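The values are calculated or read from the model by the stated rules, or taken from the named source; none is laboratory data. Nothing here was measured: the structure is a model prediction, and the numbers come from that model. All Cβ positions, even for glycine, are placed from backbone atoms using ideal geometry, and neighbour counts span all protein chains on display.
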Amino acid sequence: MKKKICLIAGVLVLLLSTLTGCGKPAYKLLSSHEVAGRQGVASEGDYYYVSGSTTLTKYDKNWNVVSENTKPFEKGYEREVNHIGDIDVYNNEIYCGVELFLDGKASNIQIAIYDCNTLELKRTFNFEPQSGQTECSGLAVNPDNGTVIMCSWAMDETGEYLYRYDLKTGAYKDKIKMEPAPKLIQGIAYQDGAYYITSDDGDADKNECDHIYKTVIDDKGTVCKVTEEKALGDVIKQGEIEGLTFDKEKNNLLVLYNRGARIILGMPSGFYEGYDHEIHEVFVYAR
């Protein structure tokens, strides 16, 4: 009788875990750190990198500022840009999705590569207009197959795709449709064969949290299945989720979150009660 009771109890626990989402990978919040940028975060070796809309900042692993570039668009661009999205780091280079962004509309999209040591621009790759992409909120480097994936914040059909480019040449390869597609994508990161996507799908005015989603892309596939990975209900205050990355050495997930500012058409517009400036924080989770 005791064995039957234990067996039934085990089944009930497993069922409850499935219904409540407890069967998903556990992420334990370890710490949070205020940073200088509101867009993206990346990690490689002994350093973290944070992008603001118009800044790049390098931190050590204790979140001390090592160096900063406050004029990343000053030289090296043939077409005007004013916005950096989520970033990635590969082989001592910072990969940025940059564009000219105003009132929710983007143009002059391109991949920009900066030097990790100097934070200066090294080269750029133009995006392919025929892809249909109308905005770039971030990108992720996949060193396993030599590609760069660009994501889009756009609220129209073009925001339902991920756009794939060649890592070495910058040549456009193809696009992959997400099913179902997360809304208002803010960032993307690649880790262990999968892509992790941040979505600004919560309503801060209603204290609704944003989410992280996960997908695996076949090298020859045109569609990828997307599943929920984590709800960000454990941040200090609901606001706007941005980029994410993985610290491979520590096996941690890092997520950038903004709070305090009201966001209209992707741009800060005034502040919530109790705030006179926007706060940018990186939340660190153990996997």
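Against the definition (among the hydroxyl-bearing types (S, T, Y) and in contact with a helix residue (DSSP H, G or I) (Cβ under 9 Å, 6 or more places away or on another chain)), how does Y190 come out, yes or no? No, not satisfied. Taking residues in the stretch 92-112 that are over 19 Å from K75 (Cβ atoms), and partners anywhere that are among the charged types (D, E, K, R), the pairs with Cβ atoms closer than 6 Å and at least 6 places apart or on different chains are A106/E99; A106/E135; I109/E99.
Show the residue pairs that are 6+ apart or on different chains and have beta-carbon atoms under 6 Å apart, the first residue being within the stretch 241-260 and within 12 Å of K61 (Cα to Cα) and assigned to a strand (DSSP E or B), the second being modelled with pLDDT of 95 or more and charged (D, E, K, R). The qualifying pairs do not exist here.
State all residues of the stretch 205-223 that are in contact (Cβ under 8 Å) with a residue 60 or more places away in the chain and surrounded by fewer than 20 Cβ atoms within 10 Å (Cβ to Cβ); if no residue qualifies, say none.
D219
Out of curiosity, is I236 outside any loop (DSSP other than H, G, I, E, B), touching a strand residue (DSSP E or B) at 6+ places or on another chain (Cβ under 9 Å), of a type in the set (A, V, I, L, M) and within 30 Å of E273 (Cα to Cα)? Taking the combined requirement at face value, the residue does not satisfy it. When we screen D156, D144, D115 for residues that are touching a Lys or Arg at 6+ places or on another chain (Cβ under 6 Å) and without any contact (Cβ under 8 Å) to a residue 60 or more places away in the chain, the only hit is D115.
Quickly run through the stretch 102-127 and pick out the residues that are of a type in the set (D, E, K, R) and at pLDDT below 95.
To start, the set of residues in the stretch 102-127 that are of a type in the set (D, E, K, R) comprises 103, 105, 115, 120, 122-123.
Of everything in the stretch 102-127, those that are of a type in the set (D, E, K, R) and at pLDDT below 95 turn out to be D103, K105.
In a residue-by-residue description of the stretch 61-83, the property of being outside any loop (DSSP other than H, G, I, E, B), touching a strand residue (DSSP E or B) at 6+ places or on another chain (Cβ under 7 Å), modelled with pLDDT of 95 or more and within 17 Å of F125 (Cβ to Cβ) applies to at least one position.
I want to confirm something. Restricting to the stretch 217-237 and keeping residues that are under 21 Å from N258 (Cβ atoms) and not charged (D, E, K, R), which single residue is modelled with the lowest pLDDT?
Residues of the stretch 217-237 under 21 Å from N258 (Cβ atoms): 229-237.
From the residues that got through so far, the ones that are not charged (D, E, K, R) too are 231-233, 235-236.
Details: A231: 97, L232: 97, G233: 96, V235: 96, I236: 93.
For the stretch 217-237, the residue satisfying everything is I236.
Here is a check on your reading of the model: is S51 touching a residue at least 60 places away in the same chain (Cβ under 8 Å), touching a Cys at 6+ places or on another chain (Cβ under 9 Å) and either buried (at least 22 other Cβ atoms within 10 Å of the Cβ) or over 16 Å from Y114 (Cα atoms) (or both)? Spelling it out, S51 is indeed touching a residue at least 60 places away in the same chain (Cβ under 8 Å), touching a Cys at 6+ places or on another chain (Cβ under 9 Å) and either buried (at least 22 other Cβ atoms within 10 Å of the Cβ) or over 16 Å from Y114 (Cα atoms) (or both). Figure legend. Inter-residue proximity from the stretch 224-235: first residues closer than 21 Å to D203 by Cβ, second residues hydrophobic (A, V, I, L, M, F, W, C) and assigned to a loop (DSSP other than H, G, I, E, B), beta-carbon distance below 6 Å, spacing 6+ or different chains. Indicated pairs: A231/C209; L232/C209; G233/C209.
Put simply, of K168, K175, K122 the only residue that is loosely packed, with under 14 Cβ neighbours inside 10 Å, assigned to a strand (DSSP E or B) and free of Cβ contacts under 8 Å to residues at least 60 places away in the same chain is K122.
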